[in-house]
Amino acid sequence: MTSTEQFERPALPPGFDDSRARERSLDLAGWRFDEAERLGVWRAIAERRDIRRFRTDPLPDQLLRRLLEAAHQAPSVGLMQPWRFVVVRSEETKAEMQGIAARERLVQADHFAERARHYLDLKIEGIREAPLSLCVCCDRGSDEDEVLGRHTIKDTDLYSTCLAIQNFWLAARAEGVGVGWVSFYKPQEVRALLGLPDRVVPVAWLCVGYPDERPSRPGLEAAGWARRQPLEEVVFSERWGEPLSSEPPASQMASKIVRPVELPAWWKQLAQAVRPGEGAAAVRIRDASDELVKPPGSLGGLESLVERWAMVTGEAPPRTPRAGIAVFAGDHGVCERGVSLYPQSVSAQVAAASARCETAIGVLADALDAELVVVDVGLKGPRNPTLLDHRCAEGSADITAGPALTEEQLRAAIEAGHSVASELATRCDVLVVGEIGIGNTTVASALLASLTGLSAESVCGRGTGLDAQGLARKCATIAAALEANRPRRGDSLDCLRRVGGLEFAALVGALIGAAAASRPVVLDGFGTGVAGLVAVRLQPALRDYLIAGHRSSEPGHGFVLRELGLEPLLDLRLRLGEASGAALAIPLVGLAARLHSDMRRFDEAGVDRARSGGTASG
């Protein structure tokens, strides 16, 4: 199609958002109601009252249905719609409910001490006067029912039901109908009264009818029982207790974060240079993507990748990103426990071969025209001139007998990784990280278990290809290391020192160094992911800079990605290490960038969009 040809973007069917990013950016408040409608909404909110006195005249059935429809339009987590409504008109049922409320009213009076007489003077319900009652219930379903958004916060069904109550109440106020919430009852008694199943919670008993009072302010306020607090007393800035009027800069705010342990000054100095990504930059990229000749969001994770890149760099990725690859190598004392098929000497051999571009990462670096540095931070044996020498010790100690590293070794390795990444960042657009070290999947598993509380069995994999007996020995070794060290789960540096290793510490420093230089980092597999988890626990702002290159076949890697909240770009069942999986993802970054920069936009391609409500051409 030539640039002079035009076609219409088909209008979306009813019920879909047919607005465009350009329209939304030019008219930020374009979704608002007109002024008269807004005033009506605000009035209903301001003048909603808890009514206690009712006329006995019946409500028209159509009006009641309209109010119930308003309640049923409430939002709910996972669109679970847990609310159920029991309409009660029976005088016998209402009389029994009033008896329950009257008893509980007297029970509560004993708890008000000198305010008891004032409390008893208050009219607290209109069950018998109101022509009907409405019991709003929450059907909690079965524990086996998985509902989007409820897995972590189990009570979101109850909160959602409260939104239905509020919808009903506001709609009733707009219609001139009174609502009074009665909360003087034991749930099991209402269950018995209305025949509710055990899984159903009676959240609210509402008296509903035309009001026999038209209060200008809440009844308890008028009676002197309580007052509405000023807004300033209930709104905080950033953290609990901080007044909204005092908004310190982000750097001051960060210093007020309460952590379970006090971090050393040298770490704080490194970490404070990492700032959160810029959300506005991601929105700019999303707006530009919305102009591409394609359905919005149709490039899926590639669009998210470009937005994530922009968040930390301020712009989309270059069409051919310059990758800097840093692979950190170290040995581990735990290898003495037979946790690998290979002898420890293989670590130095693989590191040297990688530096000569003879292993997978060397081949990939050459194919990507990427700068590759293989860093010796803790190998045993003679130093190799082909490796970048930042050796902090000749391997780590045996974690089954005590801590892997001393405090001095931990700091030296982190600072070494930080130095390497900071230098590499001056010559690259993105940092790719990897590790080499026989036995390091054992160390990564122990470190993950210490950070999360997971069992050794759940995080342990076959590494370089262990058989069943070798896997059992590896799990037992991890359990022994955790028992010997008892790392403090809330202290990530302590976990790293006790059951980590030199290359893991260097990776933590490298991630911080890259982020401080505003460079995104592509993580490799299990080992780099665990190092990323340590670093993010220590500096949460780092997460914005991390991209999961792939998901490895190590079972613990899935836990790591979940904890980091990252989705991998590739899933090829790799378990090689060396940054090979991350390097394979780099072309995908470049392709995503090309799609974003090279695809035509509607204004460039001479393409007309269909207006809302238009018809799609055949």
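Every test in (1) in contact with a Lys or Arg (Cβ under 9 Å, 6 or more places away or on another chain); (2) in a helix (DSSP H, G or I); (3) open to solvent by 20 Å² or more (accessible area, probe 1.4 Å) is passed by Thr400 save one, and that test is (2). Residues in the stretch 571-604 that are in a loop (DSSP other than H, G, I, E, B) and closer than 17 Å to Gly297 by Cα: Met599, Arg600.
For the stretch 550-564, check the following and say yes or no: at least one residue is over 24 Å from Ala456 (Cα atoms) and either outside any loop (DSSP other than H, G, I, E, B) or within 20 Å of the chain's Cα centre (by Cα) (or both). If you could, list the steps in order and put the result at the bottom.
Taking the stretch 550-564 and keeping what is over 24 Å from Ala456 (Cα atoms), we get none.
No, that holds for no residue.
Within the stretch 213-227, restricting attention to residues that are more than 17 Å from Arg173 (Cβ to Cβ) and part of a loop (DSSP other than H, G, I, E, B), which residue is most open to solvent (accessible area, probe 1.4 Å)? Out of the qualifying residues, it is Arg227. Can you find a residue in the stretch 350-369 that is modelled with pLDDT of 95 or more and within 13 Å of His332 (Cβ to Cβ)? For the stretch 350-369, residues modelled with pLDDT of 95 or more and within 13 Å of His332 (Cβ to Cβ): absent.
Given the residues Ala592, Ala579, which is the only one that is on the phi > 0 side of the Ramachandran plot, in contact with an Asp or Glu (Cβ under 9 Å, 6 or more places away or on another chain) and modelled with pLDDT of 90 or more? Step through it out loud before you land on a result.
Working: Ala592 fails: on the phi > 0 side of the Ramachandran plot.
It is Ala579.
The residue of the stretch 9-43 that is least open to solvent (accessible area, probe 1.4 Å), among those that are out of contact with any helix residue (DSSP H, G or I) (no Cβ under 9 Å at 6 or more places or on another chain), in a helix (DSSP H, G or I) and farther than 22 Å from Asn167 by Cβ, is Glu23. Those helices (runs of 4 or more DSSP H) of the stretch 451-539 in which at least 3 residues are over 24 Å from Arg391 (Cβ atoms), considering only elements entirely within it, cover 456-459, 468-485, 526-538. Tell me which residues, restricted to the stretch 182-216, are free of Cβ contacts under 8 Å to residues at least 40 places away in the same chain and among the basic types (Lys, Arg). Residues satisfying the conditions are Arg191, Arg214. A search for C-beta distances below 7 Å between a residue of the stretch 402-429 that is over 18 Å from Leu538 (Cβ atoms) and any residue that is assigned to a helix (DSSP H, G or I) and among the aliphatic types (A, V, I, L, M), counting only pairs 6+ apart in sequence or on different chains, returns Gly402/Ala484; Val420/Ala510; Ala425/Ala514.
Among residues belonging to the stretch 382-397 that are open to solvent by less than 30 Å² (accessible area, probe 1.4 Å) and part of a loop (DSSP other than H, G, I, E, B), point out the one that is farthest from Ala329 (Cα to Cα). Don't jump to the end; show me each part of the working.
Of the stretch 382-397, the ones open to solvent by less than 30 Å² (accessible area, probe 1.4 Å) are 387, 393, 395-396.
With the extra rule that they be part of a loop (DSSP other than H, G, I, E, B), the set shrinks to 387, 393, 395.
On the way: Leu387: 9, Ala393: 12, Gly395: 10 Å.
Only one residue tops the list, namely Ala393.
Table: residues versus (1) of a type outside the set (Phe, Trp, Tyr); (2) in a helix (DSSP H, G or I); (3) surrounded by fewer than 18 Cβ atoms within 10 Å (Cβ to Cβ).
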site	(1), (2), (3)
Ala282	yes, yes, no
Ile285	yes, yes, no
Pro296	yes, no, yes
Pro317	yes, no, no
Pro321	yes, no, no
Glu336	yes, yes, yes
Ser340	yes, no, no
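Scanning the stretch 342-381 for residues that are in contact (Cβ under 8 Å) with a residue 60 or more places away in the chain and open to solvent by 70 Å² or more (accessible area, probe 1.4 Å) yields a count of 2. Any residue at all in the stretch 522-534 that's farther than 22 Å from Gly395 by Cβ, modelled with pLDDT of 95 or more and open to solvent by 10 Å² or more (accessible area, probe 1.4 Å)? For the stretch 522-534, residues farther than 22 Å from Gly395 by Cβ, modelled with pLDDT of 95 or more and open to solvent by 10 Å² or more (accessible area, probe 1.4 Å): absent. I'd like to verify a number: residues in the stretch 409-437 that are open to solvent by 20 Å² or more (accessible area, probe 1.4 Å) and among the β-branched types (Val, Ile, Thr), how many? Result for the stretch 409-437: 1.
Is it the case that Ala444 is touching a His at 6+ places or on another chain (Cβ under 6 Å), in a helix (DSSP H, G or I) and either closer than 30 Å to Leu584 by Cα or of a type in the set (Gly, Ala, Ser) (or both)? In short, no.
When Ala164 is tested against (1) in contact with a strand residue (DSSP E or B) (Cβ under 6 Å, 6 or more places away or on another chain); (2) open to solvent by 40 Å² or more (accessible area, probe 1.4 Å); (3) not acidic (Asp, Glu), just one condition goes unmet, and that condition is (2). The residues on offer are Asp57, Asp50, and the sole one that is in contact with a helix residue (DSSP H, G or I) (Cβ under 7 Å, 6 or more places away or on another chain) and among the charged types (D, E, K, R) is Asp50. Residue count for the stretch 57-91, restricted to those that are open to solvent by 50 Å² or more (accessible area, probe 1.4 Å), assigned to a helix (DSSP H, G or I) and closer than 17 Å to Phe168 by Cβ: 6. All of Lys154, Lys123, Lys94 fail the test of being more than 23 Å from Leu220 (Cβ to Cβ), part of a loop (DSSP other than H, G, I, E, B) and basic (Lys, Arg), apart from Lys154. Entry remark, the stretch 562-579: residues being open to solvent by 10 Å² or more (accessible area, probe 1.4 Å) and either touching a strand residue (DSSP E or B) at 6+ places or on another chain (Cβ under 7 Å) or of a type in the set (A, V, I, L, M, F, W, C) (or both) number 11 in total.
Can you tell me which residue is farthest from Leu64 (Cα to Cα) among those in the stretch 131-151 that are touching an Asp or Glu at 6+ places or on another chain (Cβ under 7 Å) and assigned to a loop (DSSP other than H, G, I, E, B)?
Applying the first criterion (touching an Asp or Glu at 6+ places or on another chain (Cβ under 7 Å)) to the stretch 131-151 yields 131, 138, 140, 150.
Checking which are assigned to a loop (DSSP other than H, G, I, E, B) leaves us with 131, 140, 150.
Details: Pro131: 11, Arg140: 25, Arg150: 31 Å.
Checking each candidate, the answer is Arg150.
The residue list Ala585, Ala506 contains one member that is open to solvent by less than 20 Å² (accessible area, probe 1.4 Å), farther than 30 Å from Ser289 by Cα and in contact with a His (Cβ under 8 Å, 6 or more places away or on another chain), which is Ala506.
Just to check your reading of the model, which residue among Pro197, Pro202 is over 15 Å from Ile45 (Cα atoms) and in contact with a helix residue (DSSP H, G or I) (Cβ under 6 Å, 6 or more places away or on another chain)? Going through Pro197, Pro202 in turn, the sole match is Pro202.
Output the number of residues of the stretch 550-561 satisfying the condition of being open to solvent by 20 Å² or more (accessible area, probe 1.4 Å), touching a residue at least 40 places away in the same chain (Cβ under 8 Å) and touching a Leu at 6+ places or on another chain (Cβ under 8 Å).
From the stretch 550-561, those open to solvent by 20 Å² or more (accessible area, probe 1.4 Å) are 551, 553, 555, 558-559; that's our starting set.
In the following step, the residues that additionally are touching a residue at least 40 places away in the same chain (Cβ under 8 Å) were identified as 553, 555, 559.
Remaining after also requiring touching a Leu at 6+ places or on another chain (Cβ under 8 Å): 553, 559.
Here the count works out to 2.
Out of the residues in the stretch 540-549 meeting the condition of being in contact (Cβ under 8 Å) with a residue 24 or more places away in the chain and assigned to a helix (DSSP H, G or I), tell me which one is surrounded by the most Cβ atoms within 10 Å (Cβ to Cβ). It comes out as Tyr545.
Residue pairs whose Cβ atoms lie under 6 Å apart, sitting 6 or more positions apart in sequence or on different chains, and linking a residue in the stretch 314-340 that is at pLDDT 95 or above to a partner that is assigned to a helix (DSSP H, G or I) and open to solvent by 30 Å² or more (accessible area, probe 1.4 Å), are Ala323/Leu368.
The values are calculated or read from the model by the stated rules, or taken from the named source; none is laboratory data. Keep in mind that this is a model prediction, so the values were computed, not measured. Here the Cβ is made from the backbone with ideal geometry for all residues, glycine too, and neighbour counts use every protein chain on show. For the accessible areas, the whole protein counts, side chains as well, though only heavy atoms, and no ligand, DNA or RNA atoms are used. Shrake-Rupley method; radii C 1.70, N 1.55, O 1.52, S 1.80 Å.
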